[in-house]
1. Any residue that is in contact with a strand residue (DSSP E or B) (Cβ under 9 Å, 6 or more places away or on another chain), modelled with pLDDT of 95 or more and charged (D, E, K, R) - is there at least one of those in the range 369-385?
2. Could you figure out which of (1) surrounded by fewer than 21 Cβ atoms within 10 Å (Cβ to Cβ); (2) of a type outside the set (Ser, Thr, Tyr); (3) touching a residue at least 60 places away in the same chain (Cβ under 8 Å) isn't true of Ala357?
3. Given the options Ile336, Ile307, Ile290, Ile321, name the one that is of a type outside the set (D, E, K, R), in contact with a Phe, Trp or Tyr (Cβ under 8 Å, 6 or more places away or on another chain) and without any contact (Cβ under 8 Å) to a residue 12 or more places away in the chain.
4. Do we have any residue at all in the range 170-187 that's open to solvent by less than 80 Å² (accessible area, probe 1.4 Å), in contact (Cβ under 8 Å) with a residue 12 or more places away in the chain and in contact with a Gly (Cβ under 8 Å, 6 or more places away or on another chain)?
5. Hey, does the range 99-113 have a residue that's without any contact (Cβ under 8 Å) to a residue 60 or more places away in the chain, exposed (fewer than 14 other Cβ atoms within 10 Å of the Cβ) and among the basic types (Lys, Arg)?
6. Does Glu179 count as under 25 Å from the mean Cα position of the chain (by Cα), among the charged types (D, E, K, R), under 30 Å from Ser361 (Cβ atoms) and modelled with pLDDT of 95 or more?
7. Go through Thr299, Thr335 for me and flag whichever is touching a helix residue (DSSP H, G or I) at 6+ places or on another chain (Cβ under 8 Å), open to solvent by less than 40 Å² (accessible area, probe 1.4 Å), modelled with pLDDT of 95 or more and among the polar types (S, T, N, Q).
8. Specify which of the listed residues (Leu353, Leu360, Leu301, Leu283) is at negative phi, among the hydrophobic types (A, V, I, L, M, F, W, C), part of a loop (DSSP other than H, G, I, E, B) and out of contact with any Gly (no Cβ under 9 Å at 6 or more places or on another chain).
Amino acid sequence: MTETQSLEDQADRAAAAGQYAAARHLLEQAVQGDGATIEMWTKLSAMRKASGDLRGALTAIEQGLALSPLDFSALLSRAVILDGLKEPGAGEAYGQALAQLQSEDDVPAPMKPAVAYARKRRDEFRQTLRDYLAETLPDNLTAAEQARAARFITNRTRTTRHFHQGPSDFHYPGMPEIEFHDPGQFQGLKELEAATGAIREEFDALIAAEAAEMVPYVQYPERITLRQWKELNNNRQWTAIHLLKNGWPVEVNARHCPRTMEAISKMDQPQVPGASPVAMFSLLAPGTHIPPHMGVANTRLVCHLPIIVPPNCGFRCGETIREWKVGEAFVFDDTIEHEAWNNSEELRVVLILDIWAPALSANERRAVAGVIGATNANFVANHDRI
């Protein structure tokens with residue numbers, strides 16, 4: 001045993017006997033020797049804190065963190081000391097400590113109250129900072145600008161985060177990563193919303209006539225490994241009635257929905273051989289959850305027009321949660337992580353279609369159509385779109 005380890009051992013025995021001054025004296029000597037560890041500095045910090053020397057305790061714990069900057073216990077101790085000193089950085093320090101906590105299972109039972117308090121102080125700090133930063137915003141922001149600025153602030157306070165695109169197949173560089181797009185920029189969307197009543201009538205008639213060709217929304221061969229779809233692959237809890245599939249009308253369904261098809265035709269849908277346009281009624285059964293997932297290509301967006309929406313249904317894209325409202329369409333980037341749920345006891349129905357991403361020029365659209373079309377034709381047999 002080295003002299004440093006011997007001093008630490010003596011200090012441990014003194015602390016166990018309640019001789020805190022002696023333990024501190026021994027640890028002061030130990031950290032001056034070779035081989036001082038973060039554990040020694042943490043113990044010295046605790047002894048200094050016990051004697052009322054919070055500044056000394058802070059210095060000791062920061063010396064320990066110099067050896068191991070991401071140590072959770074040391075970071076939490078630092079936050080507690082800053083809190084005791086009434087330092088303004090205490091709230092953020094709690095957040096820095098909690099950021100190193102990988103799982104609630106990693107927290108020993110005796111530490112759980114301290115961790116719960118840390119979360120409370122972190123959240124208080126974030127709210128205070130959020131309110132302060134919100135006061136700096138100009139008064140003349142438009143509603144869209146206000147929404148972006150508010151998200152800018154919550155990203156800074158770490159109550160939200162930025163979600164990146166993660167297309168499974170086709171990633172076109174330089175595309176904006178926007179969860180929900182401004183509906184005002186899409187031609188035909190107002191007309192689609194105005195046709196909601198007619199679309200509902202045609203859906204009801206299609207179902208009542210038992211004429212619809214209804215298939216599972218997710219259909220991949222079992223040999224293809226796609227973990228995000230394991231539970232819902234070929235599952236009739238989430239089904240689709242296709243009107244347009246892989247660029248072609250599904251006549252058995254489409255012929256029963258002329259007004260719906262007319263409204264869809266006014267939308268700026270991709271024209272990609274073997275892939276687009278796509279339009280369908282999406283049926284989500286009661287008690288069904290669509291797990292977080294990402295779509296195929298960031299060159300197009302997805303439009304939802306809610307047709308039947310019972311209570312307790314919801315949709316999340318990135319950090320933003322929205323309720324479907326009958327007749328109110330929204331457009332989102334499905335290559336950003338998203339999920340949906342129907343916690344009601346009734347069926348939920350949404351008309352879904354794809355739209356060109358507005359950031360693409362006409363030349364880029366032709367390039368994208370060529371690449372995706374050639375890929376589908378030559379390489380991706382049985383690769384249905386999500």
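1. Taking every residue of the range 369-385 in turn, none turns out to be in contact with a strand residue (DSSP E or B) (Cβ under 9 Å, 6 or more places away or on another chain), modelled with pLDDT of 95 or more and charged (D, E, K, R).
2. It fails just one condition, (1).
3. Checking each option against the conditions leaves just Ile321.
4. Scanning the range 170-187 turns up at least one residue that is open to solvent by less than 80 Å² (accessible area, probe 1.4 Å), in contact (Cβ under 8 Å) with a residue 12 or more places away in the chain and in contact with a Gly (Cβ under 8 Å, 6 or more places away or on another chain).
5. For the range 99-113, residues without any contact (Cβ under 8 Å) to a residue 60 or more places away in the chain, exposed (fewer than 14 other Cβ atoms within 10 Å of the Cβ) and among the basic types (Lys, Arg): present.
6. Criteria met by Glu179.
7. Thr299
8. Answer to the selection: Leu360.
The values are calculated or read from the model by the stated rules, or taken from the named source; none is laboratory data. Bear in mind that the values here come from a model prediction, so they are computed numbers and not experimental data. Because the Cβ atoms are built from the backbone with ideal geometry, glycine has one as well, and the counts that use them run over all protein chains shown. Please note that ligands, DNA and RNA were not included when accessible areas were found on the heavy atoms of the full protein model with its side chains. Shrake-Rupley method; radii C 1.70, N 1.55, O 1.52, S 1.80 Å.
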